[in-house]
Amino acid sequence: MRAPVVYPSLPFDAGTIIFSPGISSALESSLALRQIIDHFLECHLATDFGIVSRAMRFDNVLSALLETGRLTSRYCLHGTISPPESGLIITTHLDERTTTIRFASELE
């Protein structure tokens, strides 16, 4: 098992949080999903980008350092949280000062 990689702090402003239609709908019936989203948003803001490729991690770090572009995080959802959804994607658009939270099955 590999040791976790520790990255330096790269603070960035999440701006306005926007939920996709699927997330908004699911939140109406799931308290557990709200807690999961809060947790993953905290991870995203702490630059723990979840399950992303090295290339995407590099792009995220570069965007945070340059304070432009976008940062994308991907996280797995347990099957009981919001079936049939299996993933959550959080994208911060630094230029627009917005962060979008959506299911992996939804288009951005």
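The values are calculated or read from the model by the stated rules, or taken from the named source; none is laboratory data. Only a predicted model underlies this, so the values are computations on that prediction, with no experimental measurement involved. Cβ: placed from backbone, ideal geometry, glycine included. Neighbour counts: every protein chain shown. Only protein heavy atoms, including side chains, enter the accessible area calculation; ligands, DNA and RNA are left aside. Shrake-Rupley method; radii C 1.70, N 1.55, O 1.52, S 1.80 Å.
Points worth noting:
- In the complete set of protein chains, residue-level accessible area for Arg34 is approximately 110 Å², probe 1.4 angstrom.
- Table column - 3J(HN,Hα) (Hz), segment 44-56, Karplus curve with 6.51, -1.76, 1.60, x for Gly and Pro: 4, 5, 8, 6, 8, 7, x, 9, 10, 6, 4, 5, 5
- Sequence-separation-based contact order of the chain, relative, with Cα cut under 8 Å and 6+ spacing, percent: 32 percent
- Stretch gain in nm, segment Ile18-Cys76, where the contour uses 0.36 nm per residue and the Cα spacing is subtracted: 18.9 nm
- Student exercise, the chain dipole from Lys, Arg, Asp, Glu Cβ charges, in Debye to nearest 20: 340 debye
- Enclosed volume per residue, in Å³, of the convex hull spanned by Cα atoms of the chain: 108 Å³
- Among Gln35, Pro11, Ser53 the positive-end extreme of the charge dipole of the chain (Cβ point charges): Ser53
- Projecting label points 7 angstrom from Cα along Cα→Cβ for Arg97 and Leu62 puts them 2.6 nm apart.
- Accessible area expressed per residue, segment 18-108, with surrounding protein chains retained (probe 1.4 Å, Å²): 57 Å²
- Kirkwood hydrodynamic radius of segment 44-101, from inverse mean 1/r over distinct Cα pairs, in Å: 12.0 Å
- Exposure ranking of Leu41, Leu88, Leu107 by accessible area [1.4 Å probe, largest first]: Leu107, Leu41, Leu88
- Net charge over other residues, Cβ less than 13 angstrom from the Cβ of Leu65 (K, R count +1; D, E count -1): -1
- Carbon/sulfur fraction of accessible area - the chain, other protein chains in place, 1.4 Å, %: 58 percent
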